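Colleague: Just passing along the structure, written as structure tokens.
The values are calculated or read from the model by the stated rules, or taken from the named source; none is laboratory data. Keep in mind that what you see is a predicted model, and the values were worked out from it rather than measured. Every residue, glycine as well, gets a Cβ built from its backbone with ideal geometry; the counts of neighbours run over all protein chains shown. Surface accessibility is based on the protein's heavy atoms, side chains included, excluding ligands, DNA and RNA. Shrake-Rupley method; radii C 1.70, N 1.55, O 1.52, S 1.80 Å.
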Amino acid sequence: SAAPAVVAPRPTMHLVNPEELFDIQQQADFFISVGEHQQAIEVLKKHIAEYRETSPLAYIELLRLYHTLSRVDDFSQLRSQFMQFFNAQVPDFSGFHRTGRMLYHYTDALAEIEAEWTTPAVLQLLEKFLFRRSGIQAVEPFDLAAYDDLLLLLSIAQTTPASARGAPPPRRRTTPSAAPMAESQVNEAPSAVLSPSDLPLDS
């Protein structure tokens, strides 16, 4: 009988740096501002075609645009493609404004990030959470609101030296052991993705 197929481990992937994506977002925003929505779509689609597995922000931006324009089929197709590569649970078209829990509800993941925040290793940890993997490397998908938080933290970590992000390890855990229960866990989708100039630099 044939030997069982061996699944090769997924190669290390690195998300597109936020500074590289900034120009693309600026172009898309310009076309949207002058009512040229199809031009904005083409700019984002071209970027996604080039960085298919490494630019989740461009997908999210295009999903929001498709949703705004009520392009249900395009939205659904892009949503499926996004969730093949990236570790987020994207709501369907009708529920897209309900982006779910924010990162502070994922206390174990947040505590891991806090422990590594002021080391270069936090980049690898964040990418482990952001990419969809199978087998023993799999991490439960995050709600879209939490995924946005992870992308924001990655942007800060990519653009700020580890030494500028606070005291070095070992760091005392400040993350609660359990998520808050009383607060609503449903959030409205933000209208735009943050640019690198919007990011705080404090720890």
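Colleague: Could you please find all residues in segment 103-122 being under 16 Å from the mean Cα position of the chain (by Cα) and surrounded by fewer than 18 Cβ atoms within 10 Å (Cβ to Cβ)?
Modeller: TYR104
Colleague: I'd like the full set of residues that are modelled with pLDDT of 95 or more, of a type in the set (Gly, Ala, Ser) and touching a Ser or Thr at 6+ places or on another chain (Cβ under 6 Å), limited to segment 123-182.
Modeller: If the condition is that a residue be modelled with pLDDT of 95 or more, of a type in the set (Gly, Ala, Ser) and touching a Ser or Thr at 6+ places or on another chain (Cβ under 6 Å), then ALA145 is the only one that fits.
Colleague: Which one is least open to solvent (accessible area, probe 1.4 Å) among residues in segment 123-154 that are over 26 Å from ARG64 (Cβ atoms) and part of a loop (DSSP other than H, G, I, E, B)?
Modeller: Once the filter is applied, the top-ranked residue is ALA138.
Colleague: Further question on the same structure: Quickly run through segment 72-101 and pick out the residues that are farther than 14 Å from PHE131 by Cα, of a type in the set (S, T, N, Q) and in a helix (DSSP H, G or I).
Modeller: SER76, GLN77, SER80, SER94
Colleague: Residues to consider are GLU53, GLU42; find the one that is outside any helix (DSSP H, G or I), under 21 Å from PHE22 (Cα atoms), open to solvent by 50 Å² or more (accessible area, probe 1.4 Å) and out of contact with any Leu (no Cβ under 7 Å at 6 or more places or on another chain).
Modeller: GLU53 is the lone residue from the list that is outside any helix (DSSP H, G or I), under 21 Å from PHE22 (Cα atoms), open to solvent by 50 Å² or more (accessible area, probe 1.4 Å) and out of contact with any Leu (no Cβ under 7 Å at 6 or more places or on another chain).
Colleague: In this structure, is ALA157 more than 22 Å from GLY95 (Cβ to Cβ), of a type in the set (A, V, I, L, M) and open to solvent by 30 Å² or more (accessible area, probe 1.4 Å)?
Modeller: no
Colleague: Based on this model, can you work out whether PHE93 counts as within 30 Å of GLU42 (Cβ to Cβ), open to solvent by less than 50 Å² (accessible area, probe 1.4 Å) and within 14 Å of the chain's Cα centre (by Cα)? Give the derivation first.
Modeller: Working: within 30 Å of GLU42 (Cβ to Cβ): yes; open to solvent by less than 50 Å² (accessible area, probe 1.4 Å): yes; within 14 Å of the chain's Cα centre (by Cα): no.
Against the criterion (within 30 Å of GLU42 (Cβ to Cβ), open to solvent by less than 50 Å² (accessible area, probe 1.4 Å) and within 14 Å of the chain's Cα centre (by Cα)), PHE93 does not qualify.
Colleague: Now for a different question. Starting from segment 34-60, keep only residues that are within 21 Å of PHE86 (Cβ to Cβ), then list their pairs with residues that are part of a loop (DSSP other than H, G, I, E, B) and basic (Lys, Arg) whose Cβ atoms are within a distance under 9 Å, requiring at least 6 positions of separation or different chains.
Modeller: That search, which allows pairs on different chains as well, returns ILE41/ARG71.
Colleague: Of the residues PRO190, PRO196, which single one is in contact with an Asp or Glu (Cβ under 6 Å, 6 or more places away or on another chain), under 23 Å from PHE22 (Cα atoms), of a type outside the set (Asp, Glu) and at pLDDT below 90?
Modeller: PRO196
Colleague: Which of the residues belonging to segment 56-71 are assigned to a helix (DSSP H, G or I) and either surrounded by fewer than 14 Cβ atoms within 10 Å (Cβ to Cβ) or among the basic types (Lys, Arg) (or both)? Spell out the reasoning first.
Modeller: Filtering segment 56-71 down to residues assigned to a helix (DSSP H, G or I) leaves 56-68.
ARG64, THR68, listed by residue number.
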